[in-house]
Structures are given as C-alpha cells and as structure tokens.
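This report refers to the structure that appears directly beneath it.
The values are calculated or read from the model by the stated rules, or taken from the named source; none is laboratory data. Keep in mind that what you see is a predicted model, and the values were worked out from it rather than measured. Backbone-built Cβ (ideal geometry, glycine too); neighbour counts: all protein chains shown. These area figures cover heavy atoms from the full protein model, side chains too; ligands, DNA and RNA do not enter into them. Shrake-Rupley method; radii C 1.70, N 1.55, O 1.52, S 1.80 Å.
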Amino acid sequence: MIPTGRQNPTFRFAPSPNGSLHLGHALSALLNADMAEALGGHLLLRMEDIDIARCKPEFETAIVEDLLWLGLTWQQPVRRQSEHLSAYRQALDGLIARGLAYPAFMSRGEVKARVSASEKAGRSWPRDPDGAPHYPPDDRHLASDERETRIARGDKHAWRLDVEAAVAAIGADLDFQETGDGPTGVIKADPLAWGDVVLWRSDAPSSYHLSVTVDDALQGVTHVVRGLDLFAATGIHRLLQELLGLPAPVYHHHRLITGADGHKLSKSNGDTGLAELRAQGFSSADIRRLVGL
Ligand code: GLU
C-alpha cells in the first residue's frame with residue numbers, strides 16, 4: 001500500500017558512493033521514484049559520503065550515470081553529507097549538553113577482548129539487531145573530570161548515545177508508521193536493542209544514524225523508502241528524531257534482492273553492477289523486470 005495524506009510528499013534515494021550500484025539499489029531507487037510519482041511528490045538524491053576514506057567522486061559520477069540511465073529525475077541540488085558536518089555536530093553538541101551523549105574511549109580491539117572474555121566465562125554479551133556487540137558500559141559511568149582530562153590530553157574517542165538515559169528522557173514509547181514488505185502498520189520502536197550507538201566517530205566524522213536523521217528532517221523527507229535491512233535501525237532513528245525535536249516520516253522498508261545463493265548483493269561478493277548489465281545490452285526496462293517492478 002502506498003502511504004497517503006502528507007503535504008508535499010518528498011522521497012529520497014540515499015546511496016553511499018563507496019562502490020557502484022547493483023540491482024538492489026535499482027529496486028530502491030525505482031521504488032522511490034514510482035511512489036513519489038504516484039503521490040504527486042518529488043525525489044531527492046543524497047550522497048551519504050561521510051566515510052571519506054571509502055567514498056570517491058568517481059563512484060558518485062557513476063551512480064548519477066546509472067540513475068539517469070534508469071530514467072530517474074530528482075530535484076537539485078544533490079545533498080552531500082560531507083558538506084554538512086556542522087549540522088550533525090550541532091545536533092551532537094545539543095545531546096552532549098543534555099548529558100545524553102558521552103565520549104567513548106575504548107578501541108575496537110578492547111571491546112572485542114571484553115566481549116570474548118565475558119563469553120568465554122559463559123556470560124552472554126548483548127548484541128544489536130545486526131549482531132554487533134553492545135558497547136561496554138564503562139565509559140558511560142566515567143566521572144566528568146576524568147572525561148575532561150582524557151579529552152584534554154588527546155585520547156582518541158568517539159561520541160556515543162547513552163541510549164537508556166535518552167529513552168528515559170523521552171519517557172514515552174515510540175513507534176513508527178510502516179507500509180513496506182515486512183510487518184506493516186504502527187510498529188513499536190526498540191532503540192534499546194542497539195545499545196549505545198556511535199553518534200560521532202574518531203576516524204570518520206558523524207555517524208550514519210545521526211546524519212540520516214538530521215538530513216531527512218532538514219530536507220523535509222516525508223517518506224523513507226529503503227531496504228528491509230534497515231528496518232530495525234528505524235528504532236534508533238525514531239529516538240533521535242524525538243530527542244532532536246524532528247518530525248517522523250512514514251517508513252517503507254522494501255524486500256531485498258539477493259544473489260543466487262540468497263546472499264545480500266554487494267560489490268565485494270562480485271555481484272553484477274548496473275553499469276555492467278548496461279554494457280551487456282540490458283535496457284532500463286529489463287532492469288525493472290529483473291527487480292520485479
Ligand atoms: N546510505 C545507505 C545505504 O546506501 C542508505 C541509508 C538510508 O536509506 O537510510 O545503504
């Protein structure tokens with residue numbers, strides 16, 4: 001079912017330019033365009049390029065070429081997250097000021113060692129919906145003068161959301177409206193399942209969760225159409241929206257296109273990209289058929 005009843009329906013396709021597009025991206029982009037058209041709305045294109053080490057301008061150029069070939073049009077300008085870091089920083093600073101974000105000093109290796117020590121001792125360690133271990137609670141309880149000393153002496157740190165404090169600050173259950181290919185209707189958000197997510201990294205600024213939430217609001221996105229692999233992440237996005245006083249879009253998480261053996265499509269698995277299919281003589285109508293539209 002296509003959601004209705006919003007003013008100026010605004011959709012976005014938000015690829016990360018760290019590789020080329022494959023059929024899974026084509027389904028997402030085409031579905032966004034089709035739903036925008038059906039509602040008389042418009043489509044935005046956003047480059048989620050905060051991971052500067054992996055994102056490259058040549059991938060962005062190739063993505064635009066693929067999307068034009070698919071027959072998509074979108075409103076200009078294209079938003080590049082790397083050009084808006086101050087907006088995400090401002091949101092982070094607000095959360096820090098409210099005591100809802102804290103500096104996290106443990107390295108990946110330290111976290112891993114802590115988790116495996118616990119598991120070897122027969123104590124299970126909480127994991128997020130993607131299977132990653134929750135961040136240990138140590139830094140959440142550091143005294144503020146110790147935090148300040150460690151930051152002042154240049155200890156490498158990320159910023160993490162104190163998810164329990166954040167949920168308590170909201171003081172109400174959160175939900176979202178879902179119209180996609182998984183469970184639909186009013187879905188209960190479960191931000192606690194994620195543990196203390198990263199809001200700002202030490203190596204790449206900002207984080208996916210923070211920037212996607214800020215951008216969807218700043219760009220007036222009313223409908224988020226993306227893969228079912230991000231269904232659970234919506235719990236954290238709803239919490240951040242509520243904390244930052246931002247509106248909640250309607251969500252539509254679509255089925256995923258998988259490879260022959262059921263794996264999620266990706267460049268690293270050697271799955272055929274759209275540009276290759278184009279070079280092999282496929283038309284954009286063929287791509288529509290291939291993704292089941
Ligand atoms: N940038 C994300 C990706 O390429 C999509 C994020 C979203 O649609 O919320 O997987």
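Residues of the stretch 199-241 that are under 13 Å from the mean Cα position of the chain (by Cα) and either open to solvent by 20 Å² or more (accessible area, probe 1.4 Å) or of a type in the set (D, E, K, R) (or both): Tyr208, His209, Asp215, Asp216, Arg226, Leu228, Asp229, Leu230, Phe231, Ala232, Arg238. Asp181 meets all of the listed conditions (1) crowded, with 20+ Cβ neighbours inside 10 Å; (2) farther than 25 Å from Val163 by Cβ; (3) acidic (Asp, Glu) but one, namely (1).
Could you say which residue among Ile50, Ile96 is out of contact with any Lys or Arg (no Cβ under 6 Å at 6 or more places or on another chain), within 16 Å of the ligand (Cβ to nearest atom) and of a type in the set (Val, Ile, Thr)? Step through it out loud before you land on a result.
Working: Ile96 fails: within 16 Å of the ligand (Cβ to nearest atom).
None of the others qualify; the one that does is Ile50.
Return the total of residues in the stretch 100-115 being over 17 Å from Glu164 (Cα atoms) and buried (at least 16 other Cβ atoms within 10 Å of the Cβ). Please lay out each step first, then the result.
Step one: list which residues in the stretch 100-115 are over 17 Å from Glu164 (Cα atoms), which gives 105-115.
Then drop every residue that is not buried (at least 16 other Cβ atoms within 10 Å of the Cβ), which leaves 105-106, 111, 114-115.
Residues in the stretch 100-115 being over 17 Å from Glu164 (Cα atoms) and buried (at least 16 other Cβ atoms within 10 Å of the Cβ): 5 in total.
Here is a yes/no grid of residues against (1) polar (S, T, N, Q); (2) free of Cβ contacts under 8 Å to residues at least 60 places away in the same chain; (3) within 19 Å of Leu23 (Cβ to Cβ):
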{"site": "His42", "(1), (2), (3)": "no, yes, no"}
{"site": "Arg46", "(1), (2), (3)": "no, no, no"}
{"site": "Ala53", "(1), (2), (3)": "no, no, no"}
{"site": "Pro57", "(1), (2), (3)": "no, yes, no"}
{"site": "Thr61", "(1), (2), (3)": "yes, yes, no"}
{"site": "Glu65", "(1), (2), (3)": "no, no, yes"}
{"site": "Leu68", "(1), (2), (3)": "no, yes, yes"}
{"site": "Gly71", "(1), (2), (3)": "no, no, yes"}
{"site": "Trp74", "(1), (2), (3)": "no, no, no"}
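Filtering the stretch 158-174 to residues that are in a helix (DSSP H, G or I) and under 19 Å from Ser211 (Cβ atoms) leaves Val163, Ala166. Residues in the stretch 81-120 that are farther than 14 Å from Trp200 by Cβ and of a type in the set (Val, Ile, Thr): Val111, Val115. Where strands (runs of 3 or more DSSP E) fall entirely within the stretch 6-99, those with at least 2 residues that are open to solvent by 40 Å² or more (accessible area, probe 1.4 Å) and modelled with pLDDT of 95 or more are at 75-80.
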